[in-house]
Amino acid sequence: MKEPFDITLNEIDYAIFPEEESIYTVYKDGIEYVKIMKDTESSWLKLDPETELPRFEADDEINAIGKEIIAYEASTSTPSNDLD
């Protein structure tokens, strides 16, 4: 299981809690804000708060948060040592 982490975007603090595969709960300034899921490398989707089904609408803030999630995870991943 992945550990929660923090990001800052446009001077706003977000706490990111990884859930299932490619789904994250986002807290904005300490309050649960939204659940998001990765659609593509540059496209992220909000999940409906009641049904948790994806909402297919463009959202620049959600895509920016997703971009930061990808950058954070890339910076913390450990390369595999397959030197057998």
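Consider Thr25 carefully, then state whether it is exposed (fewer than 10 other Cβ atoms within 10 Å of the Cβ) and either small (Gly, Ala, Ser) or on the phi < 0 side of the Ramachandran plot (or both).
Criteria not met by Thr25.
Taking segment 19-43 only, how many residues are in contact with a Ser or Thr (Cβ under 9 Å, 6 or more places away or on another chain) and part of a strand (DSSP E or B)?
Of the residues in that region, 7 qualify.
Going by what's in this entry, would Lys67 be described as surrounded by 14 or more Cβ atoms within 10 Å (Cβ to Cβ) and assigned to a helix (DSSP H, G or I)?
yes
What do you reckon, is Thr51 assigned to a strand (DSSP E or B) and polar (S, T, N, Q)?
Against the criterion (assigned to a strand (DSSP E or B) and polar (S, T, N, Q)), Thr51 does not qualify.
Could you check Glu3 against (1) open to solvent by less than 80 Å² (accessible area, probe 1.4 Å); (2) at pLDDT below 95 and say which number it fails?
Every listed condition holds for Glu3 apart from (1).
Under 8 Å between Cβ atoms, which residue pairs at least 6 apart in sequence (or on different chains) link something in segment 52-67 that is hydroxyl-bearing (Ser, Thr, Tyr) with a partner that is part of a loop (DSSP other than H, G, I, E, B) and modelled with pLDDT of 95 or more?
If the second residue must be part of a loop (DSSP other than H, G, I, E, B) and modelled with pLDDT of 95 or more, no pairs are left.
Of all residues being under 14 Å from Pro4 (Cα atoms) and either among the charged types (D, E, K, R) or in contact with a Pro (Cβ under 7 Å, 6 or more places away or on another chain) (or both) in segment 28-64, which is most open to solvent (accessible area, probe 1.4 Å)? Just the residue, please.
So the residue we want is Glu32.
The values are calculated or read from the model by the stated rules, or taken from the named source; none is laboratory data. Worth saying up front: this structure is predicted, and the values here are computed from it rather than measured. Positions of Cβ are backbone-derived with ideal geometry, glycine not excepted, and every protein chain shown enters the neighbour counts. Note: areas computed on protein heavy atoms with side chains; ligands, DNA, RNA excluded. Shrake-Rupley method; radii C 1.70, N 1.55, O 1.52, S 1.80 Å.
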